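Okay, so here's the structure we're looking at.
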Amino acid sequence: MTVESTAARKPRKRTAAKKPPGAQKPPGGQPDLVQLLTPEGQRVKVADHPEIAEYAAYVEDITPDELRGLYRDMVLTRRFDAEATSLQRQGELGLWASLLGQEAAQIGSGRATREDDYVFPTYREHGVAWCRGVDPTNLLGMFRGVNNGGWDPNTNNFHLYTIVIGSQTLHATGYAMGITKDGADSAVIAYFGDGASSQGDVAESFTFSAVYNAPVVFFCQNNQWAISEPTEKQTRVPLYQRAQGYGFPGVRVDGNDVLACLAVTKWALERARRGEGPTLVEAFTYRMGAHTTSDDPTRYRHDDERAAWEAKDPIARLKAYLESEGHADEGFFAELEAESEALGKRVREVVRAMPDPDHLAIFENVYADGHALVDEERAQFAAYQASFADGEVR
């Protein structure tokens with residue numbers, strides 16, 4: 001058994017990455033960070049920041065009802081996520097990848113999509129799935145081990161979760177190229193994290209999408225930690241600037257600002273639909289919890305870092321704005337709390353009622369026409385399972 005040293009258990013202090021000359025400001029007068037709602041819940045005045053005007057126009061006429069809808073989406077998504085984490089801790093799920101802290105990035109971008117757009121997620125896009133109309137309980141089947149996803153991707157134009165890091169960006173690019181050949185005016189959005197941005201599949205996707213002018217939006221949720229690896233260990237420049245080398249625009253947006261995420265994603269999707277090609281959107285946010293429930297973030301990051309980001313909480317930010325503008329009263333928040341409780345109860349009941357999968361299903365579809373060795377292994381495994389029923393485990 002290997003025993004870790006005491007030093008290895010302590011979170012290392014993060015040091016600022018050295019930036020090469022010119023890395024601080026993107027070209028073309030673009031803002032370093034598109035923000036429309038401050039952490040205190042105040043709308044940013046476009047007159048004082050004309051560089052964000054092009055994006056702000058997409059939410060200029062947003063209604064109080066739509067704002068309440070965004071708030072509801074984030075609250076219910078967070079409640080679902082919290083229930084899933086609890087279920088895993090109780091042994092009901094094998095694993096869970098929490099989105100805590102990333103609700104604004106997912107709800108804002110998800111609500112920017114049209115019904116005919118196609119979404120390619122990773123395995124943490126629970127908020128985007130919510131926006132696409134996927135029943136949240138369907139997301140849990142894979143993490144419980146009873147199915148491979150539980151929903152038909154073509155019903156909601158929302159692909160199954162992808163575990164292989166970064167590969168979905170290639171799928172998205174190919175699908176987007178197909179859209180162009182079909183002459184459709186819809187678009188594709190592919191989600192991935194800062195860790196996946198170092199994968200070769202992502203770089204290849206950037207190349208193909210740029211060369212073929214594919215209508216795809218690459219939406220990177222930069223939560224700053226690829227498991228235990230900070231972003232500065234992966235790149236010398238902000239991630240959105242990587243798009244420059246491939247010949248298409250990159251934008252960094254405040255990932256805890258649901259209005260900015262909604263606006264920038266709408267802008268990028270419309271570019272794609274007009275035939276102007278791909279866009280890279282970097283949603284600068286923070287993973288409040290663990291990478292997955294098998295991870296212990298206290299081993300590699302400090303509590304004060306999390307505390308600083310808790311002050312930028314996306315839900316509290318929008319709530320402050322709703323209250324200050326008189327767009328929501330106590331009745332709204334009380335009704336939403338009751339809805340949240342009902343959702344949590346339904347999630348618990350549905351998960352615990354999920355039937356066990358067929359133990360022999362793993363041997364299906366291994367070969368198209370069957371195989372003698374697979375048949376032999378199936379028979380051996382069936383006999384092993386039967387031994388539990390007769391009480392004679394061998």
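The values are calculated or read from the model by the stated rules, or taken from the named source; none is laboratory data. As the structure is a computational prediction, the values presented were derived from the model and not from experiment. When we count neighbours, we look across all protein chains shown, and the Cβ atoms used for this are built from the backbone with ideal geometry, even at glycine. Each accessible area value is taken on the protein alone, full model and side chains, heavy atoms only, with ligands, DNA and RNA left out. Shrake-Rupley method; radii C 1.70, N 1.55, O 1.52, S 1.80 Å.
Values for this structure:
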| read-out | value |
| --- | --- |
| Criterion: at negative phi and modelled with pLDDT of 95 or more - qualifying residue of Arg306, Arg273, Arg301 | Arg273 |
| All positions within region 228-246 that are open to solvent by 70 Å² or more (accessible area, probe 1.4 Å), of a type outside the set (Gly, Ala, Ser) and assigned to a helix (DSSP H, G or I) | Lys233, Gln244, Tyr246 |
| Any hit, region 106-119, residues being part of a helix (DSSP H, G or I), touching a Pro at 6+ places or on another chain (Cβ under 8 Å), of a type outside the set (Asp, Glu) and within 29 Å of Pro215 (Cα to Cα) | no |
| Among the residues listed as Ala57, Ala97, Ala47, the single one being of a type in the set (A, V, I, L, M, F, W, C), farther than 21 Å from Leu280 by Cα and loosely packed, with under 14 Cβ neighbours inside 10 Å | Ala47 |
| Hey, Arg114 touching a helix residue (DSSP H, G or I) at 6+ places or on another chain (Cβ under 6 Å), basic (Lys, Arg) and at pLDDT 95 or above or not | no |
| Residue in region 47-55 that is in contact (Cβ under 8 Å) with a residue 60 or more places away in the chain, more than 30 Å from Pro355 (Cα to Cα) and touching a Phe, Trp or Tyr at 6+ places or on another chain (Cβ under 6 Å) present | yes |
| Residue list for region 253-288, filter: of a type in the set (Asp, Glu) and in contact with a Lys or Arg (Cβ under 9 Å, 6 or more places away or on another chain) | Asp254, Asp257, Glu282 |
| Looking only at region 151-177, and only at residues there that are small (Gly, Ala, Ser) and under 23 Å from Asp116 (Cβ atoms), the one that is most open to solvent (accessible area, probe 1.4 Å) | Gly174 |
| Scan of region 272-296 for residues that are under 19 Å from Phe192 (Cβ atoms), open to solvent by 10 Å² or more (accessible area, probe 1.4 Å) and not in a loop (DSSP other than H, G, I, E, B), ordered by number | Phe284 |
| Selection from region 301-355 of residues that are open to solvent by 70 Å² or more (accessible area, probe 1.4 Å) and not in a helix (DSSP H, G or I) | His302, Ala311, Lys312, Asp329, Pro355 |
| Any hit, region 220-227, residues being touching a His at 6+ places or on another chain (Cβ under 8 Å) and part of a loop (DSSP other than H, G, I, E, B) | yes |
| Count of residues meeting criterion [closer than 25 Å to Gly178 by Cα and either open to solvent by less than 10 Å² (accessible area, probe 1.4 Å) or outside any helix (DSSP H, G or I) (or both)] in region 120-147 | 10 |
| Qualifying residue in region 8-16 (condition: modelled with pLDDT of 95 or more, open to solvent by less than 60 Å² (accessible area, probe 1.4 Å) and assigned to a helix (DSSP H, G or I)) | no |
| Where Ala105 falls short, out of the listed (1) touching a helix residue (DSSP H, G or I) at 6+ places or on another chain (Cβ under 7 Å); (2) farther than 22 Å from Thr173 by Cα; (3) hydrophobic (A, V, I, L, M, F, W, C) | (2) |
| Top-ranked residue in region 208-227 [being within 25 Å of Gly178 (Cβ to Cβ) and polar (S, T, N, Q); ranked as least open to solvent (accessible area, probe 1.4 Å)] | Ser209 |
